[in-house]
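> Below you'll find the structure I mean.
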Amino acid sequence: KAGVTQTPRYLIKTRGQQVTLSCSPISGHRSVSWYQQTPGQGLQFLFEYFSETQRNKGNFPGRFSGRQFSNSRSEMNVSTLELGDSALYLCASSLSGGFYEQYFGPGTRLTVT
Amino acid sequence: AQSVSQHNHHVILSEAASLELGCNYSYGGTVNLFWYVQYPGQHLQLLLKYFSGDPLVKGIKGFEAEFIKSKFSFNLRKPSVQWSDTAEYFCAVGSGGGADGLTFGKGTHLIIQP
């Protein structure tokens, strides 16, 4: 069974631009969660989608948004990028969210210059 | 908001030594507990999890963890480490039925010297 895939793996953007990251969950998994990982703050929960609906959201500004498609694939968007948005963005999928074990993808390394 | 503390940020051990990594969380209600591992150059992998039942849980690669509710702890142990255990270890807690996602500790960087 293929794992969680994320594209692109690396991205360099300039302040003020916007970016869209993509995540394909494990086949059959309906929940997708997004996390931001930085050296200073560690892993922080961004939001979770289940059946195309955002169920949970972490403490991040509205510049961070996401969506989920009918095939469970998910995208997250960051608008008006700031230097502090440089991070590894991780996607995790699980069967139905809540606390079913989450399987993580390799992440997208975003660098904002 | 709940928090997760991993007291050891960097641990260096020799092969065959015993390992215990501490994890404490702040939430007082029902929790689900996880340990994840991130090997160099690889993505996060689930080591073990606790949902309910026997507080001593066994995971992959000889790791185990004990949930002590009275101490709000979920410490990770391995009786004899190997060089291949060199990695970053994260404790994570879920609560409130998933309302806040998983809360992760800052991680422990474990280095095993051959």
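The values are calculated or read from the model by the stated rules, or taken from the named source; none is laboratory data. Since the structure is predicted, the reported quantities are computational estimates derived from the model, not experimental observations. Counting neighbours? That spans all protein chains shown, and the Cβs are built from the backbone with ideal geometry, glycine included.
> Hey, among B:Gly105, B:Gly101, which residue is buried (at least 20 other Cβ atoms within 10 Å of the Cβ), more than 12 Å from the chain's Cα centre (by Cα) and within 14 Å of chain A (Cβ to nearest Cβ)?
Answer to the check: B:Gly101.
> Quick one: how many residues across region B:1-25 are touching a helix residue (DSSP H, G or I) at 6+ places or on another chain (Cβ under 9 Å) and part of a strand (DSSP E or B)?
Here the count works out to 3.
> For region B:74-106, name all the residues that are outside any helix (DSSP H, G or I), modelled with pLDDT of 95 or more and touching an Asp or Glu at 6+ places or on another chain (Cβ under 9 Å).
Within region B:74-106, B:Phe74, B:Asn75, B:Leu76, B:Arg77, B:Lys78, B:Pro79, B:Ser80, B:Val81, B:Gln82 meet the criteria.
> For region A:74-94, does any single residue satisfy the condition of being among the polar types (S, T, N, Q), farther than 18 Å from B:Tyr36 by Cα and modelled with pLDDT under 95?
no
> Oh, and also: What strands (runs of 3 or more DSSP E) completely inside region A:15-113 contain at least 3 residues that are within 22 Å of B:Cys91 (Cβ to Cβ)?
Those strands (runs of 3 or more DSSP E) span A:31-38, A:42-50, A:87-94.
> Give me the pairs, please: first residue somewhere in region A:37-59 and more than 11 Å from chain B (Cβ to nearest Cβ) and exposed (fewer than 14 other Cβ atoms within 10 Å of the Cβ), second residue anywhere and outside any strand (DSSP E or B) and not charged (D, E, K, R), beta-carbon distance under 8 Å, and either six or more positions apart or on two chains.
What qualifies is A:Glu52/A:Phe69; A:Glu52/A:Ser70.
> Any residue in region A:32-45 that is over 30 Å from B:Ser5 (Cβ atoms) and touching a strand residue (DSSP E or B) at 6+ places or on another chain (Cβ under 7 Å)?
no
> Any chance you could count how many residues in region A:1-24 are surrounded by 17 or more Cβ atoms within 10 Å (Cβ to Cβ) and under 22 Å from B:Gly41 (Cβ atoms)?
Final tally of qualifying residues: 5.
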